[in-house]
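Undergrad: Let me give you the structure first, and then I'll get to my questions.
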Amino acid sequence: MADAKQPRRSERLRLVQLAFCFQAVTALLPLAEEEAAAERVAEATAAADLLAASTSTTVPTPTAAPSLLAKRARDSPPPDSRVVAPDILEARARTRAKFNAGATFRKAINALKSKYPQYKDFTFVPRNGEAGSITGLTDKNGRLFALRQEAPKYVLEEGLSDKLEALVQAFTDGGKNEGSSLKRGDHMGAKAGVFRDMGAIDPHYNRYYLGRQQEWDTFLQDPVVTRQIGRMDSLFSDFYPAMHAYYEDLKASIKASRGLNFLGGAFASVCLNTGNSVIAKLHRDHVNLLLGLCLILAMGDFDSRLGGHLVLLEAGVILELAPGDLALIPSAGITHGNLPIQKGERRNSMAFWTSGNVFLWKELGNRSMSKLSPKEQAAYMKMSKEGLLDMLRSHFPIQK
């Protein structure tokens, strides 16, 4: 039985309904190209425009959570309670706070749209301002394709986001230590985990992990890190149970067959994005599982109302993401990036994912496509096309 003191998940979830349709267009997938399919069936989707853009609209939430500014206003000292009853004072304060917060958010959004005219028709989704609250993005069919969780109360009270950032900075020497130079932005990214890259047939740990394995293990086993991984894993399993089970099944299989451990809960790999100005350019993570999720955890010291937003291009969404907040998005299917932060501010992040070609290896019976006969390759590609929509339906649940 759930703790009576905790609100039910349905009461904590705010849904933003969009006119956008999250639909896999299987005809656009280059699965029929034999050479590309040999090793890159799961990741050969960079050129496929899987998602149709549309004007975005929001649906009012019956139990909308109070904004951050409204919460601050309610926490401020009320007028003289000896004259007016406390319950009336609280109602008046809430009304004033709601009006002021709405005006502030409208001003901030209008300023952003003025600064970034290319996003003037996008839906800006501000934070609720309630610790731990969750905002889900659903398409026109009600399919939950992405969500955001604001930093929970314990993360705020214990300063866990700042502690995590300090650990990341120390591990990467503030973004100067050896890592992988990214084309996604002017920052460094230290990657570690289980991959099938560089022409490898079988899953393996990447060289950045093997080169500092003891240091990586110490970092990942720090209680600050494990608590954040536990938080994201719970969110993943709560809202995407079928997909989470699919990831966990792969995790167990890789452990049993290859003796490799996943580094981020249900996710195989992690990237520490550092340098204090982590602003990702618009991109798709084509190596990720196409109908899977990537988790992004924001850190730093920046005003999330003015910058650092997560842009979801095809969905037409600008999602406010503050330090300590996390987002789950289908990063292989939706073009995404960040808005710049203000001068003198600091933003870093962590990302977790599992490469699609690791799933492919398991699905092929612990083999690569190159080890299949032409007949087996043709049968698998046909099955992939036919099963893509079934995976979409099971992995991304409809919200009623």
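Undergrad: Heads up, I need the accessible area for LYS120: 1.4 angstrom probe, whole protein in place, Å², nearest 10.
TA: Per-residue accessible area (LYS120): approximately 120 Å².
Undergrad: Could you calculate, for the stretch 241-340, the ratio of the Cα radius of gyration to the Kirkwood radius, expressed as Rg to Rh?
TA: On the way: Rg = 15.1 Å, Rh = 14.9 Å.
Using Cα coordinates only, the ratio equals 1.01.
Undergrad: Two decimals is fine: what's Rg over Rh for the stretch 289-400, C-alpha atoms, Kirkwood radius as Rh?
TA: Working: Rg = 18.5 Å, Rh = 16.6 Å.
Expressed as Rg/Rh, it is 1.12.
Undergrad: Between the stretch 239-255 and the stretch 121-177, how many Å separate their Cα centres?
TA: A separation of 23 Å, based on Cα centres.
The values are calculated or read from the model by the stated rules, or taken from the named source; none is laboratory data. Bear in mind the structure is a predicted one, so any value in this text is a computation, not a measurement. Ligands, DNA and RNA are excluded from the accessible area calculation, which covers all protein heavy atoms including side chains. Shrake-Rupley method; radii C 1.70, N 1.55, O 1.52, S 1.80 Å.
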